[in-house]
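**Q** Would you mind keeping the following structure in view while I ask a few things?
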Amino acid sequence: ESDAGDYTCVCGDKQSTASLAVHALPVLFKEELKNEVIQEGASVSLRCVLTKAAPVQWKIGSKVLKASDKYQMSQPGTTAQLVIHDLKVEDA
């Protein structure tokens, strides 16, 4: 999308200009989340890979998760990762 705009070819005192529009492809999951079974008190890392970098939001049910000591979120490039520490039964 950042390549969209007006491009001009100049040759001496002559020029030709064209407008370029770029239609963005949708973000898709290249690798989806996988089910996990983990012991209470342990930590778990959940990871998914997108087809291109885009903002993600982590949720449990309808509750949006916020970064904290319990929830650590990172997104290097196209990989989104959530680490949940000190798992409790209610984290399922």
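The values are calculated or read from the model by the stated rules, or taken from the named source; none is laboratory data. Since the model is a prediction, treat every value here as computed from it, not as a measurement. Glycine also receives a Cβ, built like all others from the backbone with ideal geometry; neighbour counts cover every protein chain displayed. Remember, those area values only see protein heavy atoms, side chains included, never the ligands or the DNA or RNA. Shrake-Rupley method; radii C 1.70, N 1.55, O 1.52, S 1.80 Å.
**Q** What tally of residues in the range 27-81 results from selecting those that are of a type in the set (Phe, Trp, Tyr) and over 20 Å from Asp91 (Cα atoms)?
**A** 1
**Q** Kindly indicate whether Ala92 is open to solvent by 80 Å² or more (accessible area, probe 1.4 Å), at pLDDT below 95 and among the hydrophobic types (A, V, I, L, M, F, W, C).
**A** Spelling it out, Ala92 is indeed open to solvent by 80 Å² or more (accessible area, probe 1.4 Å), at pLDDT below 95 and among the hydrophobic types (A, V, I, L, M, F, W, C).
**Q** Output the residues belonging to the range 68-85 that are in a loop (DSSP other than H, G, I, E, B) and either open to solvent by 80 Å² or more (accessible area, probe 1.4 Å) or touching a Phe, Trp or Tyr at 6+ places or on another chain (Cβ under 6 Å) (or both).
**A** Selection gives Asp69, Pro76.
Conditions tested, residue by residue: (1) under 16 Å from the mean Cα position of the chain (by Cα); (2) among the β-branched types (Val, Ile, Thr); (3) in a strand (DSSP E or B).
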residue	(1), (2), (3)
Val10	no, yes, yes
Pro26	yes, no, no
Lys30	yes, no, yes
Ala42	no, no, no
Ala54	yes, no, no
Gln57	yes, no, no
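**Q** Considering the range 3-38 alone, what residues qualify as being open to solvent by less than 100 Å² (accessible area, probe 1.4 Å) and β-branched (Val, Ile, Thr)?
**A** The answer is Thr8, Val10, Thr17, Val22, Val27, Ile38.
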